[in-house]
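Only one structure is covered here, and it is reproduced in the block below.
The values are calculated or read from the model by the stated rules, or taken from the named source; none is laboratory data. Quick caveat, the model's predicted, so the values are computed rather than measured. Cβ coordinates were reconstructed from backbone atoms using ideal geometry, including for glycine residues, and neighbour counts include every protein chain displayed. We work out accessible area using only protein heavy atoms, side chains counted, and drop any ligands, DNA or RNA first. Shrake-Rupley method; radii C 1.70, N 1.55, O 1.52, S 1.80 Å.
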Amino acid sequence: MRLRSILPLLAVLCCLTATAQHHQQKAQARPKLVVAIVVDQLRTDYVEYLSPLMSSEGFRKLKGEGAYFRDVEFTPAHMDLASATAMIFTGATPNETGISAAEVWDPASLREVPALSDKNTLGVNSALTISPQPLLLSTVADELMIDGHGLSMIQAVAADPQQAVIMAGHSGNGASWLSTTDGRWATSSYYKELPQSAANRNFRMPLSARVDTMQWKPLLSIDRYPGLPAQKRQYDFRHTFPSRAKEVYEQFAASPRGNEEVTSLAIDMIKGLNMGRRGDTIDMLCLGYTLAPFRWVKDGDYRLELQDAYLRLDLQLERLLKAIDQSVGLANCVIMLTGTGYYNDAVPTDAKYRIPSGDFSTKRAIALLNGFFSAKYGPGNYVDSFTGGGFHLALKVLESKGVNPADAARDAKEFLMKMSGVRSVYTLSEILSPDDEETRRLYLSTDSRTAPQLTIELTPGWNLVEDHTFPIVTTPIRRGAISTPGFFFAPGRVSRADISTPVCATALAPTLTSLLHLRAPNGAASRPISLPQP
C-alpha cells in the first residue's frame, strides 16, 4: 500500500523536475542578437525628467523591463566620444586602450591626427584613413567573433567615423558612418567594402537628394516642454539643412535627423543581412546616437532643442525595438544602452552678468613660454604646439641643448602657474606617478605616447582660446558632474531593477560578455555587475 501511494508522488516530482529543467534550459539558450547602443552625452536627469512625455516603448520600456543604472561613472579626467566609446567596449580606461581622445598628438608629424589614424588604409566614400589598429585591446565585438569562430555578423553604425570603427572592433564585418563631405554612408578599406545595406541606401535614397527637403522643428507644442523660461516659450525653432551650406552634413549628423538615419540603416541591416536569423551564431549590431547640445542654435540657448532631441531619440528607440521584435524577437536579444560620461554644455557667458572671466590665449602662452625657455637655455623654439589640454615641448630642440624634457617641464611649471586663469599645472612625470585623486584621474585619461609634457587646468569661467592655429577654437571652462544612465534589457535573462549605486563604466563590457557567456575583453578592469535574474 505504501509503495502504491508513493509511486504517484514520485511521478509528479519527476514531471516537476523535468518541467523545471526545461524552463532552465530555455532561459539559458544563447541569444540570437546583441544590440549595443552608445548615446553621446546622454544624461540621467533628462531621461527621468522627460519620461512622462516619452513613449512606453522606448526608454521607458528599457527601464521598466530591464536593469536600469542611474549612475555609470567615468572616472578619467577628460572624456570625449572616442575615448568613452573605447572605454565602454573594452572595459579599460583611456591610458590602456590607446584612445585617449578623438584627436591626438603625432610626435612624428608634429600635428594632431585622428586617434584611429592608419596610413595603411583608405577611406571608402571618405577621405579619412582610419582603422581599429591603434585600439590596443580587444572589444566585446572581438570576443563575440572569436566565440563564434568567425561566423558571427557584427556591424556598427554611427554618424561619427571613429565611434563606428571602435564599436565594430578589430574583427567586425563592417563599420558605417555618415560622410560630412557628401552625406553618403562611408567606411574604411580595413573592412574591405561598404556593407550592402549601406551601399543600397547610398544608391536608392542618397541623403544629398533629400537633405534640402528636411527640417527639424518641435515635436510637441512648445508649452508642453517642461522647465523652460518665458523667453524660450515665445518662438518655435526650425532648423533646415540647405545643401549649399558649408557644414550642412555636419549639422545634419548632429541633429535628431542624423539619429533617424542611423536607425534606418540599422533596421535595413537587421532585415537585409538576416541578423539574428543565421543559425546558431550570435550576431551583434552596434549603434551610435548623439544627444550633444546642438551648437547651431541662433541664441546660444539650446535647451528647447535638447529636450526635443531626447523625445525624438525615444521614438527612434521605439522604432528600433519594434523592428527587432518583428524580425528576431526581443526574447532572443540582449540590449545594452549607455551614455559617454561627459557633457559639453559650456557656452560663453555674456559679460553683462559680471561673472569673473577671461581669455587664455594659447598663442600668447606659447610665446611667453618660449621666452622663458630662451632666457634659461638660450634662443630657440621650445614649444611645438598646444593640444590635448597642454604644451608639447620641442624634444629635439631640448636634446640639442642638452636639457632633459622632464627637467624643462618642472622648470616651466612655476612660470605657467603665474599666468592669469591657470588653476593647476601638471608635468607628465607627475601625471604618470599619481599621488592624489586629481592626478590619478588625469593618469587614467593619459596616453604617455601622445600626452603633452605640461598639462594645464584653467579656472572655471575662463575661456580657452586656441588661437595658435586656424580656425580659432574657443572653449568655455565649466566644471560640473553629471550622471550617465545605463540599461541592460534581456527578457528571460535580466529582471527589472532600478539601481542607484554608482557602477564603473569599465564594468559594462564584462557584464555584457557575462550575459552572453563569453570571456571578457582582454583588458577589462572590472568584474561583471551582478544583474537581477528572473
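A few comments on the model shown:
- Taking the range 368-406 as the range and being open to solvent by 60 Å² or more (accessible area, probe 1.4 Å), over 28 Å from Ala115 (Cα atoms) and free of Cβ contacts under 8 Å to residues at least 24 places away in the same chain as the test, the residues that pass are Ala375, Pro379, Ser400, Gly402.
- The single residue among Pro348, Pro356 that is under 29 Å from the mean Cα position of the chain (by Cα) and exposed (fewer than 14 other Cβ atoms within 10 Å of the Cβ) turns out to be Pro348.
- Close pairs from the range 245-265: first polar (S, T, N, Q), partner at pLDDT 95 or above, Cβ under 6 Å, at least 6 apart: Ser255/Trp216; Asn259/Tyr289; Asn259/Leu313; Asn259/Gln316; Thr263/Gln316; Thr263/Arg319; Thr263/Leu320
- The range 429-450, subset of a type in the set (Ser, Thr, Tyr) and crowded, with 18+ Cβ neighbours inside 10 Å, residue nearest to the chain's Cα centre (by Cα): Ser445
- Subset of the range 280-327 (residues that are open to solvent by 20 Å² or more (accessible area, probe 1.4 Å) and either of a type in the set (Lys, Arg) or touching a Pro at 6+ places or on another chain (Cβ under 7 Å) (or both)): Arg295, Lys298, Tyr302, Arg303, Arg312, Arg319, Lys322
- Residue ID - nearest to His392 (Cα to Cα), chosen from residues in the range 330-364 that are free of Cβ contacts under 8 Å to residues at least 60 places away in the same chain and part of a loop (DSSP other than H, G, I, E, B): Asp350
Residue-by-condition table, conditions (1) under 28 Å from Ile355 (Cβ atoms); (2) polar (S, T, N, Q); (3) touching an Asp or Glu at 6+ places or on another chain (Cβ under 6 Å); (4) in a loop (DSSP other than H, G, I, E, B):
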site	(1), (2), (3), (4)
Asp435	no, no, no, yes
Arg440	no, no, no, no
Ser448	no, yes, no, yes
Pro452	no, no, no, yes
Thr455	yes, yes, no, no
Pro471	yes, no, no, yes
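- Filter pass, Leu228 being more than 30 Å from Glu143 (Cβ to Cβ) and at pLDDT below 95: yes
- Summed over the range 328-345, residues that are of a type in the set (Gly, Ala, Ser) and open to solvent by 40 Å² or more (accessible area, probe 1.4 Å) total 1.
- Given (1) in contact with a Cys (Cβ under 7 Å, 6 or more places away or on another chain); (2) at pLDDT below 95, number of the condition Leu110 does not satisfy: (1)
- Filtered residues of the range 105-139 (kept if among the hydrophobic types (A, V, I, L, M, F, W, C) and out of contact with any Pro (no Cβ under 8 Å at 6 or more places or on another chain)): Ala108, Leu110, Val113, Leu122, Val124, Ala127, Leu135, Leu136
Residues are listed down the side, and each one gets a yes or a no for (1) of a type in the set (Val, Ile, Thr); (2) in contact with a helix residue (DSSP H, G or I) (Cβ under 6 Å, 6 or more places away or on another chain); (3) modelled with pLDDT of 95 or more:
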site	(1), (2), (3)
Asp280	no, no, no
Tyr302	no, no, no
Glu305	no, no, yes
Ala309	no, yes, yes
Arg312	no, yes, yes
Leu321	no, no, yes
Gly329	no, no, yes
Asn332	no, no, yes
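- Wholly within the range 81-156, helices (runs of 4 or more DSSP H) carrying at least 1 residues that are hydroxyl-bearing (Ser, Thr, Tyr) and over 21 Å from Ala36 (Cβ atoms): none
- Met275 assigned to a loop (DSSP other than H, G, I, E, B), surrounded by 23 or more Cβ atoms within 10 Å (Cβ to Cβ) and touching a residue at least 24 places away in the same chain (Cβ under 8 Å): yes
- Residue ID - surrounded by the most Cβ atoms within 10 Å (Cβ to Cβ), chosen from residues in the range 49-59 that are in a helix (DSSP H, G or I) and touching a residue at least 40 places away in the same chain (Cβ under 8 Å): Phe59
- Qualifying residue in the range 238-250 (condition: closer than 20 Å to Asn125 by Cβ, in a helix (DSSP H, G or I) and not β-branched (Val, Ile, Thr)): yes
- Some residue of the range 116-138 being open to solvent by 50 Å² or more (accessible area, probe 1.4 Å) and among the small types (Gly, Ala, Ser): yes
- Residue in the range 193-209 that is part of a loop (DSSP other than H, G, I, E, B) and among the basic types (Lys, Arg) present: no
- Evaluation of Leu398 against the conditions (1) in a helix (DSSP H, G or I); (2) under 27 Å from the mean Cα position of the chain (by Cα) shows that the sole unmet condition is (2).
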